[in-house]
Structures are given as C-alpha cells and as structure tokens.
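In what follows, a structure is listed as structure tokens, so that the remarks can point back to it.
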Amino acid sequence: MSPTRSRPLRDLLRVKPGSTFRLADIDPAETHGRDKEASLATLQTGLERLSELQDKLWAEAKHPVLVVLQGIDTAGKGGTLKHVMGAFQPAGCSVTSFKVPTAPELAHDYLWRIHQRTPGKGEIGVFDRSHYEDVLIVRVHDIVPKERWSRRFDHINDWEKMLADEGTTIVKFFLWISKDEQRERLQARLDEPDKRWKFRLGDLDERKRWDEYVAAYDEALERCSTDHAPWYVIPANRKWFRNLAVTEILGDTIAALKPVYPKPPEDLTGVTVE
Ligand code: AMP
Ligand code: MG
C-alpha cells in the first residue's frame with residue numbers, strides 16, 4: 001500500500017498557494033495508491049454523501065458554493081458533470097457552460113458574464129469553463145494583448161476574494177490528461193458514432209498548441225490558487241480516479257460548511273395532520 005493512501009486527496013492535489021507550480025511535475029495517470037476495484041464502492045459512498053450534503057446545503061440556504069471545472073479539450077469536464085454532479089438534485093444546482101463570448105458579452109468586461117452566473121445561498125453553481133478562459137485561450141490566441149491579460153490574474157484573485165469574503169465557498173478543479181491520452185480520446189470521438197458530434201476540426205489546431213496551453217495553465221494555477229479559492233489538479237487519465245477525486249474533495253469542501261437542516265420557521269409542537 002502506498003504511504004500516501006490515507007492522506008486526503010484534498011491535501012495531496014491542492015496547488016499550494018504561493019508555491020512554484022508546474023504541470024510537468026504531475027503524472028496525469030497518478031492514482032495515489034487507490035485501487036480501481038476497491039474505489040468503486042468508495043465512489044458510490046462518496047456520491048451518496050455528496051447528495052446528502054447538498055440536500056442540507058439547499059435546505060439551509062446559507063452558503064453559496066462555486067465549483068470551477070477547467071481542462072484541456074477531452075479532459076473530461078462533461079464526464080465529471082455527468083458522474084459527479086449527477087449526485088445533486090437539479091433544483092439546487094446550476095451548470096453554466098461558458099462558450100466563445102457573444103457580442104453583448106464582449107461589450108462588457110470579461111467578468112460581467114461570469115458574475116451573473118455565480119450561485120446564491122444554498123446553491124451549487126458549476127462553471128464548465130470560466131473566467132480562466134480569459135487568461136488561457138485568450139492568451140494562447142492573442143485575443144487581447146499581453147498587457148491586458150497579464151493584469152487579469154490580480155483581478156481574478158481580487159474578485160474571487162470578494163466572493164469568498166461575502167460568503168461563497170470556491171473550489172476549482174483542473175482535469176489533467178496527458179497528450180497521448182488526448183490523442184486517444186480525440187480519435188475515439190472520430191471513430192465512435194455517439195461521440196462524433198463532439199469533434200471539432202479546431203480541436204486539432206488547439207492540440208498543436210498543447211505546450212502553450214500548458215504554460216498558460218501553469219501560470220494561472222500558480223498565481224490563482226489561494227486559500228480562499230484553491231485550485232486542485234486532478235490526474236484525469238483514469239476516469240475512475242478523476243471521479244473519485246472530485247467527489248471526495250467536493251464532499252470534504254461542503255462538509256466543512258457543516259450544513260444542517262434548518263428548524264421549521266413555526267412552532268410545530270402538537271401539530272397533527274387530520
Ligand atoms: P466547448 O466547451 O467544447 O463547448 O467549447 C467552448 C469553446 O468556447 C472553447 O473553445 C473555449 O475555449 C471557448 N471559450 C470559452 N470562453 C472563452 C473566452 N472567454 N474567450 C474565447 N473563447 C472562449
Ligand atoms: Mg469542445
């Protein structure tokens with residue numbers, strides 16, 4: 001058994017605020033001593049725990065929780081949404097998939113469209129892509145000049161700090177796959193009829209910029225992992241480990257809020273239903 005087996009993934013996968021960080025130091029196939037067969041039962045228990053925690057969070061209506069999901073194409077954002085966020089009852093959960101900004105969105109600052117989608121008290125708001133695209137694709141494709149995007153790390157930290165100060169719990173996941181794994185997944189999208197709809201020719205151009213994306217992620221993860229809004233890098237070559245890790249970290253994050261069912265607003269002593 002690996003010596004790291006009993007350490008929570010929350011500690012193992014967090015990008016330490018203020019430290020130097022390079023994705024190259026992290027193996028996308030790492031499983032931290034977890035075993036696939038044994039982990040299936042752990043995942044099931046973890047999903048049930050998430051579901052219970054969310055029920056209380058929603059009932060209590062006290063804490064907003066913001067979950068950011070980022071990853072290179074095919075890293076598994078969709079799969080994570082389906083398998084992990086699937087544990088949530090839809091009423092208390094919103095998912096926003098941020099696409100290429102529309103004209104009205106481009107007419108505003110880059111955080112404008114993001115802020116409109118942040119969760120309210122008791123809600124879990126999941127961002128499938130996020131404001132981080134504004135220091136990732138925007139940087140890699142020179143959509144705005146460096147002097148503009150390079151100031152955004154500070155804006156983002158300040159904005160996330162403001163949300164946290166006002167009560168939002170923020171947790172950010174970067175799903176990390178290898179370049180080889182991406183080739184296999186893109187090829188599968190081409191080959192399998194039920195995946196073909198996801199394929200874009202542009203994905204191949206993006207793949208050519210792999211190293212530039214990694215450099216952009218390195219800087220974003222290093223500069224924007226903070227105590228109030230930590231980044232977790234999830235080794236995601238193995239889908240079972242990815243699901244397990246996100247489930248466990250999300251569960252621990254929500255559990256730390258200690259959500260409880262609220263007392264009924266009125267005194268119900270002696271009340272019966274005829
Ligand atoms: P998908 O997630 O596969 O549906 O693709 C959404 C596309 O929108 C991706 O290519 C993103 O990089 C792109 N996108 C998201 N946010 C931005 C942004 N702020 N600026 C430019 N492109 C973006
Ligand atoms: Mg895509």
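The values are calculated or read from the model by the stated rules, or taken from the named source; none is laboratory data. Quick caveat: nothing in here was measured; it's all calculated off a predicted structure. So basically every Cβ, Gly included, is an ideal-geometry build from the backbone, and we count neighbours across all protein chains shown. Remember, those area values only see protein heavy atoms, side chains included, never the ligands or the DNA or RNA. Shrake-Rupley method; radii C 1.70, N 1.55, O 1.52, S 1.80 Å.
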In region 226-239, anything in contact with a helix residue (DSSP H, G or I) (Cβ under 8 Å, 6 or more places away or on another chain) and open to solvent by 10 Å² or more (accessible area, probe 1.4 Å) is listed as 226, 228, 237, 238, 239
Of the residues 133, 147, which single one is closer than 27 Å to residue 204 by Cα and part of a helix (DSSP H, G or I)?
133
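Return the only residue of 52, 48 being closer than 30 Å to residue 166 by Cβ and at pLDDT 95 or above.
So the residue among 52, 48 that is closer than 30 Å to residue 166 by Cβ and at pLDDT 95 or above is 52.
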Given the conditions (1) under 19 Å from residue 65 (Cβ atoms); (2) open to solvent by 60 Å² or more (accessible area, probe 1.4 Å); (3) in a helix (DSSP H, G or I), report the number of the one that residue 121 does not fulfil.
(3)
Can we say residue 156 is without any contact (Cβ under 8 Å) to a residue 60 or more places away in the chain, more than 16 Å from ligand 2 (Cβ to nearest atom) and either assigned to a strand (DSSP E or B) or buried (at least 21 other Cβ atoms within 10 Å of the Cβ) (or both)?
no
Determine which member of the set 61, 24, 38 is open to solvent by 40 Å² or more (accessible area, probe 1.4 Å) and modelled with pLDDT under 95.
38
If a residue has to be of a type in the set (D, E, K, R) and either under 20 Å from residue 130 (Cβ atoms) or not in a helix (DSSP H, G or I) (or both) to count, how many in region 164-184 make the cut?
3
Take region 64-99 and flag every residue that is farther than 17 Å from residue 175 by Cβ and open to solvent by 50 Å² or more (accessible area, probe 1.4 Å).
89, 90, 91, 99
Confirm whether residue 242 is open to solvent by 10 Å² or more (accessible area, probe 1.4 Å) and more than 15 Å from ligand 1 (Cβ to nearest atom).
no
Residue 176 passes all but one of the listed conditions (1) under 28 Å from residue 109 (Cβ atoms); (2) more than 16 Å from ligand 2 (Cβ to nearest atom); (3) of a type outside the set (Asp, Glu); the exception is number (1)
Out of the residues in region 124-139 meeting the condition of being open to solvent by 10 Å² or more (accessible area, probe 1.4 Å), within 15 Å of residue 68 (Cα to Cα) and within 16 Å of ligand 2 (Cβ to nearest atom), tell me which one is farthest from the chain's Cα centre (by Cα).
133
Inside region 185-258, counting only helices (runs of 4 or more DSSP H) that do not spill past its ends, which hold 2 or more residues that are in contact (Cβ under 8 Å) with a residue 60 or more places away in the chain and within 20 Å of residue 39 (Cα to Cα)?
239-255
Quick check on residue 248: is it open to solvent by 40 Å² or more (accessible area, probe 1.4 Å) and away from ligand 2 (no atom under 16 Å from the Cβ)?
no
Assess whether residue 151 counts as being within 16 Å of ligand 1 (Cβ to nearest atom), surrounded by fewer than 16 Cβ atoms within 10 Å (Cβ to Cβ) and over 30 Å from residue 8 (Cβ atoms).
yes
Quick check: is even one residue across region 67-77 among the charged types (D, E, K, R), modelled with pLDDT of 95 or more and under 13 Å from the mean Cα position of the chain (by Cα)?
yes
